[in-house]
Each structure stands twice: as C-alpha cells, then as structure tokens.
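Structure, as structure tokens:
The values are calculated or read from the model by the stated rules, or taken from the named source; none is laboratory data. These figures come from a predicted structure and were not determined experimentally. Quick reminder, even Gly has a Cβ in these numbers, built from the backbone with ideal geometry, and neighbours come from all protein chains shown.
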Amino acid sequence: MSAANILLEVRDLEAFYGRTKALHGVSFSMTAGGITTILGANGAGKTTTLRAISRMVRTSGAIRFEGQALEQRATEDVVRLGIAHAPEGRGTFVHLTVEENLRLGAWGRRERGALQEDFARVFSYFPALEGRRRQAAGTLSGGEQQMLAVARALMLRPRLLLLDEPSLGLAPMVVREIFRILRTVNQDAGVTILLVEQNAALALDLADHVFLLETGRIVMEGPSEDLRKDDAIRRAYLGY
Amino acid sequence: MDIFVQQVVSGLATGGIYASLALALVMIYQATDVVSFTQGEMAMFSTYLCWTMLNAGVPYWVAFLSTLALSFVGGIVIQRVIIRPVEQAPILTIVIVTLGLLVIFNSLAGWIWTYVQKPFPSPFPSKPLRAGNVFFSAHDIGAIGITLVVLLCIYVFFRFTPLGLAMRAAAHNPVSSRLVGIRVGWMLALGWGLAAVFGAVAGMMVAPNLTLEPNLMGGVQIYAFAAATLGGFTSPGGAVLGGFIVGVVENLVGTYVSFIGTELKFTVALALIIVVLLVKPTGLFGTTVVKRV
C-alpha cells in the first residue's frame, strides 16, 4: 500500500452516541480503486464507521480523504468532496419521483450540467428504474429502492461510495443482481467502494480487502481470499 | 341569486387572503415542524413597511415588490437568528418562541406607528365592476388575481426548479438531504423567507378592507389556522383550498344564517377548527406523519 495511493485514512476513531461509546479506536486505510468490506455482527460498529466518515455522529480521532481532514466538516461538505453514502434503510425520498430522487443525488457535485448523461448511465446499470422514472419512489419494491439508493449515490459521480447493508431484507436473486452491478460500477467507473455487510459470503466474494469489526474494534484484516480460508472466520461468519 | 354570486366572489377574495397566510403557516410547519403563531404579526409588520414607503411617495407596485423583498430577507433573518438556536429544543419551546415573536412584533408596530388606524390604499380602482345586475368590488377581483399569481409562481418554483425540489426534499427527509449535499439549514431559512412573503401579500391585500393597525392580522390569523387545519397542515394545496372554502363559507353563513350575522362569523372559524380536529385531525388532504422513535 503506497502512501500516495491512499484514498481514505482513519486513525484512532472513536464515536459516541450521547455518553455511549460505539467505536473504540478504529484505524484503517483504503487505496483508490478497490472494494473494501467491513464485516461484523449486529452492533459491532459497522454503520457507525460509515456515519463517522459522513460526519453524522460525534467522533474523536482522524479521518482523511485524499489528504483532507474530514473531522471539522459538515455532512453536506463531505458529500461535496465526492463521498456518496447510500445509508442504512436506503434513505429514499419516498414522496418524490424516481427521477427527482436521482436529480437530488447530483445536488452536491461541482459540475451541475450534463444530467442526461448520468441518467443514461444509471439507467444502463438499473434498467428497472427507467420504466418507473415518473413514479413516486415510495411505491417501489424493496429491491428497486435499494437500486435507487445506489443509483442516487452514483449521480454524485463519487470517488468513494459508502454502502450500508445493500442486501438487507432483499431476495437472494435481487441481491446477486445488485452485487453484480456494484462490481461493474467499481471496474467501469473506477468508483472505490466501502461496503458494510452482514452477509459475509456475498461481501467476501465482492471485496478485495476485508476488515473485521467486533464491538467497536478492528480485530482482523487482510485480502478477502485469506480471510475466506481462515477457519475462525469461516465458522463465525460463513457458517460452514 | 345576485347576492349569492356577489357573496361568493367576495368570499373568494378574503379566502385568497386566508389561503396566502395559511400557506405561510404550512411552509413553517414543513420547515420547522411547529405551528407558528407569529406569521400574522410578521405580515402586519410587512404591511406597515409598505405603508411607510407609500407615505414617502413611492409608487404602489414599487412599494409592493420592495415589501416582498424586505419580508423575504426578514423571514430568513428571523429563522437564522431566533429560530435556529432553538431548533433542537422541544416543540413547546419553539411554539413559545413564536408566541414571543407575536407579542414583540405587535408591540413594536404599536411603538413605531402608534395604534391609530390608518387607511391603506388598494392598487385597484374604487369603482365597482359590473356584470349584468351584479356588482363586484374591483379590489376583491384584483386580490383574487394577485393571490392566484402568487400561488402559480410558488407552484412553478416548487414543481419545476432544482431549488424548489431541494426545499421539498429538506422538509420531508432532512437526513437523506444532507447525504446528497443539500444545506438543510438554509432550505429551512428559505422556507421562513417565503412564508414571510405570503404573509406580506395577505397583509397588503386585506389592509384596504380593514384599515391598518397593529391588530390587523389577529382575525385573519384565526381564519388562516382554520384554513390550514381544514386542508391539512401537511398539504400546501389543501391549505390553499381550505383558505378559499373558509372565505366563502364565512361569507355565506354570515349572509344567510340570520342568527350568526356578522357578530358570530368569527365563531364559525373556531367551530370549524374543532370539528375538523375531532372528525379528521389530518385535514382533508393531510397525511399522517409516521415517525420512528
């Protein structure tokens, strides 16, 4: 990992909800271009880690994106640096149409024009959304809303995409489809992805690098092939 | 029949004024999640600003538009300076702050301009318009026209402009809005600015009928509450329709139900609020807001 290639660097990150500490000194870094996943059980701090990067929770420690410190920034300014976040629960604007959701996704980017290009691009990834363009987003199925969450995040033309449990509550077939598209997005558009997942088998297939989070601490990390071979990981997270 | 048509048109004129102020209440409700008691008094203050300019010899429409601009800025400043620090406070705190503002604006107006009633001009001719045997006040027709123009502008703004879209998003889903880079705080401030503009329109249109004094909007505010309650505090279109309904009903009831007359007209609005809250608390077009706690 060469220092010049580091996209995101997190050092001694602690996060607090009121007086409750949710992260106890998390440190990791990510290179540009890859797919990294954070695995862990419920309550391990996966979502909190993403929320810390997006400045939605009180933290101490250092977070640097392309060398710029994020700790003092507001959420909306972090977005402007090119970090898109498809949050837990998908964050759909249910009252607005699919197209309006996508337009909002492009709100935080520098170049405001050429939206048509981006529409074409996200609809090529998610053809199902194109037919529902004028429909209220709240009427979409869970799978379609998750696709919309990813599509909305891509409208930012992000350099880093934070994904919080895109598989949650979806049928296996839909999940496979979404994960296939995520790989395409990563390879074609060069978007670096930080994925949080409970579905370890899926995440290990997609990601090249893995962090294992347990009760607010990173307990193991490495390339995904290595972790897949690890007996303890296999038993605890893959169940065989 | 002639009287009926006349009363309906005059009801639509006052209804348009209620609709403007009701829209202001709904804007604030969407932006701040509270019912604001200060919109009427801000409207009254705006009307005094217009009166001051007119007195200084400024042409009517220049004064009208300047008042809208000043109200817009004033609304934004009030949100940023007074409302924003208590944004995270319990709802009751914010309601009390708006009540405090009500008292402040009312006394401030009395202090600056005294409590003496002042005539306020209408930009429309004083000669009534005639259609067959029916006469309409030109001011009523003009007020309806102005209300409709304002409503059309605001509809186009929210429906077709990116900023309007961002404001809707910020009102419905502030967390997701921040995650796409919308500066939610400023969107809420814009909401207060626009609400002040609607209020100013209502004030300047109602003042020629009532004469200008610091308690100008007291009654109008009650009717606007009735309108917003009837249409639904979560539905801007509903609140506007509610405004027109309340205006027309108020006039017809005053004309045809002899024991109500002009004395009890006010009670009709309050009774309407209570009935709607009992029968359909969300209003005709409102939706129940479900919140995860």
TODO: For B:G237, indicate whether it is modelled with pLDDT of 85 or more, assigned to a helix (DSSP H, G or I), out of contact with any helix residue (DSSP H, G or I) (no Cβ under 6 Å at 6 or more places or on another chain) and among the small types (G, A, S).
DONE: yes
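Residue under question is A:G40, and the condition is that it be in contact with a helix residue (DSSP H, G or I) (Cβ under 9 Å, 6 or more places away or on another chain) and more than 9 Å from chain B (Cβ to nearest Cβ); does it hold?
On the way: in contact with a helix residue (DSSP H, G or I) (Cβ under 9 Å, 6 or more places away or on another chain): yes; more than 9 Å from chain B (Cβ to nearest Cβ): yes.
For A:G40, the condition - in contact with a helix residue (DSSP H, G or I) (Cβ under 9 Å, 6 or more places away or on another chain) and more than 9 Å from chain B (Cβ to nearest Cβ) - is met.
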- [ ] State yes or no: is B:L216 within 15 Å of the chain's Cα centre (by Cα) and assigned to a loop (DSSP other than H, G, I, E, B)?
- [x] yes
Open item on the list: As an exercise: evaluate B:E250 against (1) touching a residue at least 40 places away in the same chain (Cβ under 8 Å); (2) surrounded by fewer than 21 Cβ atoms within 10 Å (Cβ to Cβ) and give the number of the one condition it does not meet.
Closed with: (2)
Open item on the list: Could you tell me how many of the residues in segment B:144-174 are exposed (fewer than 14 other Cβ atoms within 10 Å of the Cβ) and basic (K, R)?
Closed with: 1
- [ ] Please verify whether segment A:70-85 includes one or more residues that are acidic (D, E), under 20 Å from A:P166 (Cβ atoms) and touching a residue at least 24 places away in the same chain (Cβ under 8 Å).
- [x] no
Task: helices (runs of 4 or more DSSP H) enclosed by segment B:29-139 - at least 3 residues per element that are exposed (fewer than 14 other Cβ atoms within 10 Å of the Cβ) and modelled with pLDDT of 90 or more - done: B:60-78, B:91-113
Task: Long-range neighbours under 8 Å by Cβ, at least six apart or interchain, first residue without any contact (Cβ under 8 Å) to a residue 24 or more places away in the chain within segment B:145-157, second surrounded by fewer than 14 Cβ atoms within 10 Å (Cβ to Cβ) and assigned to a helix (DSSP H, G or I) - done: B:F157/B:L163
TODO: Please work out which residue is surrounded by the most Cβ atoms within 10 Å (Cβ to Cβ), limiting yourself to segment A:106-138 and to residues that are closer than 10 Å to A:M155 by Cα and of a type in the set (A, V, I, L, M).
DONE: A:V122
TODO: Read through the list (1) under 25 Å from A:A200 (Cα atoms); (2) surrounded by fewer than 22 Cβ atoms within 10 Å (Cβ to Cβ); (3) among the basic types (K, R), then give the number of the only condition that A:K46 fails.
DONE: (2)
- [ ] All but one of (1) assigned to a helix (DSSP H, G or I); (2) out of contact with any His (no Cβ under 9 Å at 6 or more places or on another chain); (3) touching a residue at least 40 places away in the same chain (Cβ under 8 Å); (4) away from chain A (no Cβ under 14 Å) hold for B:N209, so report the exception by its number.
- [x] (2)
- [ ] Residue by residue through segment B:201-218, note down the ones that are over 18 Å from B:S107 (Cα atoms) and either buried (at least 24 other Cβ atoms within 10 Å of the Cβ) or modelled with pLDDT of 95 or more (or both).
- [x] B:V201, B:A202, B:M204, B:M205, B:V206, B:A207
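Quick one: which helices (runs of 4 or more DSSP H) lie wholly within segment A:78-152 and hold at least 1 residues that are within 14 Å of chain B (Cβ to nearest Cβ)?
Details: elements: A:98-105, A:115-125, A:127-130.
Those helices (runs of 4 or more DSSP H) span A:98-105, A:115-125.
Mind checking which residues of segment B:142-157 are more than 12 Å from B:F198 (Cα to Cα) and touching a helix residue (DSSP H, G or I) at 6+ places or on another chain (Cβ under 7 Å)? Spell out the reasoning first.
First, the residues of segment B:142-157 that are more than 12 Å from B:F198 (Cα to Cα): B:142-145, B:152, B:155-157.
Once the filter is applied, which keeps residues that are more than 12 Å from B:F198 (Cα to Cα) and touching a helix residue (DSSP H, G or I) at 6+ places or on another chain (Cβ under 7 Å), segment B:142-157 yields B:A143, B:I144, B:F157.
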Open item on the list: Which of the numbered conditions does A:I38 fail, given that it passes all the others? Conditions: (1) outside any loop (DSSP other than H, G, I, E, B); (2) in contact with a Pro (Cβ under 9 Å, 6 or more places away or on another chain).
Closed with: (2)
Open item on the list: Only one of B:L188, B:L230 is part of a helix (DSSP H, G or I), within 14 Å of chain A (Cβ to nearest Cβ), over 12 Å from the mean Cα position of the chain (by Cα) and surrounded by 24 or more Cβ atoms within 10 Å (Cβ to Cβ). Can you tell me which?
Closed with: B:L188
TODO: Those residues that are at the interface with another protein chain (Cβ under 9 Å from one of its Cβ atoms) and in a helix (DSSP H, G or I), I need them from segment B:144-184; list them, please.
DONE: B:P162, B:L165, B:A166, B:R168, B:A169, B:H172, B:V175, B:S176, B:S177, B:R178, B:L179, B:V184
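Here's the yes/no breakdown for (1) in contact with a Leu (Cβ under 8 Å, 6 or more places away or on another chain); (2) under 20 Å from B:P162 (Cβ atoms):
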site: A:R103; (1), (2): yes, yes
site: A:A120; (1), (2): no, yes
site: A:G131; (1), (2): no, no
site: A:V150; (1), (2): yes, no
